[in-house]
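Visitor: Got a structure for you, written out below as structure tokens; questions coming shortly.
Just so it is clear, none of the values below were taken in a lab; they were calculated from the coordinates. Only a predicted model underlies this, so the values are computations on that prediction, with no experimental measurement involved. Because the Cβ atoms are built from the backbone with ideal geometry, glycine has one as well, and the counts that use them run over all protein chains shown.
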Amino acid sequence: MKPSDPGPRPRCTVVGILDDGWRGLSEAARDRLRNAGLVIGAERTLRLVRGELAAATECRDLAGGLSSSPAWIREALASGRSVAVLATGDPLCHGIASTLIERLGSELITVLPAPSTLQIAFARFRKVWQDVTIASCHSQDAGEWHFGATPAHGLYPLMRAIALHRRVFAFTSPANDPARVARALLAAGYADDARISVASRLLLPDEAVFTDLTAVDAAGMSFSEPSVVLVERADTTAEPAFGREDLEYLQRTPEKGLLTKLEARAVSLAKLRLTSGAIVWDIGAGAGSVGLECARLAPHGHVWAIEKNADDAANARANAARFRIGNYTLHEGRAPAGLAAWPNPDAVFIGGSGGELAALIRLVLSRLNAGGRLVMNFVTLENLATATSALSELGAAWEVVQLQASRSQPILDMHRLAAQNPVWIVAARNAHKESA
């Protein structure tokens with residue numbers, strides 16, 4: 001005898017839905033919802049379908065229950081009930097489906113997408129979208145954007161995307177709305193080369209679409225929720241990632257604030273061995289030249305800098321603003337004060353130590369991530385001796401490069417070479433961590 005047919009297995013279907021509600025769903029999606037024993041969704045989406053569900057269907061609000069929803073789904077499936085989860089638009093585009101697949105396994109999940117909010121918004125904008133970068137600030141109130149904001153700021157991922165890509169599409173939230181995004185663009189120095197398009201309340205009777213607004217105009221407007229934003233900028237490749245001339249940096253005059261000249265900067269940056277996502281410390285930042293070029297070379301990382309001189313710190317902040325470096329945070333003070341709150345670094349540059357060199361080296365090596373590099377510049381024999389002695393006592397692996405550069409200068413109708421002060425560049429790593 002053949003075993004009796006147990007019938008179809010209960011399943012979990014993630015249903016994409018838009019604000020036109022039930023009438024915008026496919027027949028397959030409607031069928032899954034009618035036959036679901038449990039429907040999970042945000043209250044806003046539940047309201048769109050509740051009148052069409054079977055009387056016995058249980059509804060659960062996703063608000064505050066995102067972490068609990070996998071357990072709800074497992075429990076319902078185990079009891080023989082099918083589950084439908086409502087998500088806005090395409091559930092695999094910044095939606096819940098990826099989380100459920102990761103937590104429950106792809107074999108339990110079926111996805112029935114609606115047209116994504118992105119697709120509909122670009123249709124309204126009459127713009128192509130195959131080259132956009134997708135970001136989100138659909139989170140808790142992040143506060144206004146400001147130069148020096150750390151990766152903990154809710155707008156940080158969006159602002160990094162905007163810094164690195166010409167066209168960025170963002171999902172907003174009531175707190176982090178399009179006007180706040182526009183104000184962030186102004187604060188980041190993009191007033192002249194950014195245009196903003198906004199789509200609000202798509203597919204609803206009061207749908208509103210705005211294209212190619214200036215950041216100044218959008219910053220003072222009010223947009224209904226829900227809204228999405230497209231930020232378009234001019235060519236993002238015009239700014240050099242490396243090798244700015246010394247005089248491009250604001251600095252104290254005569255040249256006392258820019259402690260690291262271009263030639264020493266180039267070698268030091270090479271010795272730091274930066275990855276694109278590196279966490280960098282710049283101790284004794286001066287006018288910011290090394291740290292700001294680190295930020296360019298590590299566009300997906302972040303630079304934490306400290307400078308004790310108020311005038312130099314002001315110049316470093318001004319240089320970050322004029323070069324539009326958004327992954328750079330400067331602390332005004334004397335190291336090691338404040339360093340305990342910084343994340344462990346992948347690379348550290350010490351350009352000035354404030355008399356605490358040996359202690360700083362010990363601290364840095366204890367915090368440096370495995371494979372990380374410590375690079376220091378010295379112009380005095382005494383500091384070089386202090387550094388190499390401290391490194392040897394700590395069992396660090398180190399090397400020294402003496403750099404003697406000369407620059408051409410005009411003399412009458414000819415040129416001569418003018419020597420710069422020699423610089424010792426010390427590169428070290430924590431050999432104990434690497435062997436471990």
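Visitor: Fewest to most neighbouring Cβ within 10 Å: what's the order for M414, M221?
Guide: Ordered by Cβ neighbours within 10 Å, fewest first: M414, M221.
Visitor: Using the number of other C-beta atoms within 10 angstrom as an exposure proxy, rank I425, I306 with the fewest first.
Guide: Least to most surrounded, the residues fall as I425, I306.
Visitor: Let me ask you something else. Points 7 angstrom from Cα along the Cβ direction at E58 and E393: gap in nanometres?
Guide: 6.6 nm
Visitor: With a 10 Å Cβ neighbour count serving as the proxy for reagent exposure, in which order, fewest first, do D19, D413, D177 appear?
Guide: Ranked by crowding around the Cβ, least crowded first: D413, D19, D177.
Visitor: In whole Å, what is the distance between the alpha-carbon centres of the stretch 172-219 and the stretch 309-379?
Guide: 36 Å
Visitor: Could you point to the residue in S197, V128, L213 farthest towards the positive end of the stretch 118-233's charge dipole, with +1 and -1 charges on the Cβ of Lys/Arg and Asp/Glu respectively?
Guide: V128
Visitor: When the Cα centres of the stretch 383-436 and the stretch 63-94 are compared, how far apart do they sit, in Å?
Guide: Distance between centres, Cα-based: 59 Å.
Visitor: A further question on this structure: Along its principal axes, what span do the Cα atoms of the stretch 12-115 show, with the longest given first and each in whole Å?
Guide: So the extents along the principal axes, rounded to whole Å, are 31, 30, 25.
Visitor: Candidates (i) 54, 28, 17; (ii) 33, 25, 23; (iii) 36, 26, 21; which is the computed semi-axes √(5λ) of the Cα gyration tensor in Å?
Guide: Here semi-axes √(5λ) of the Cα gyration tensor in Å agrees with entry (i).
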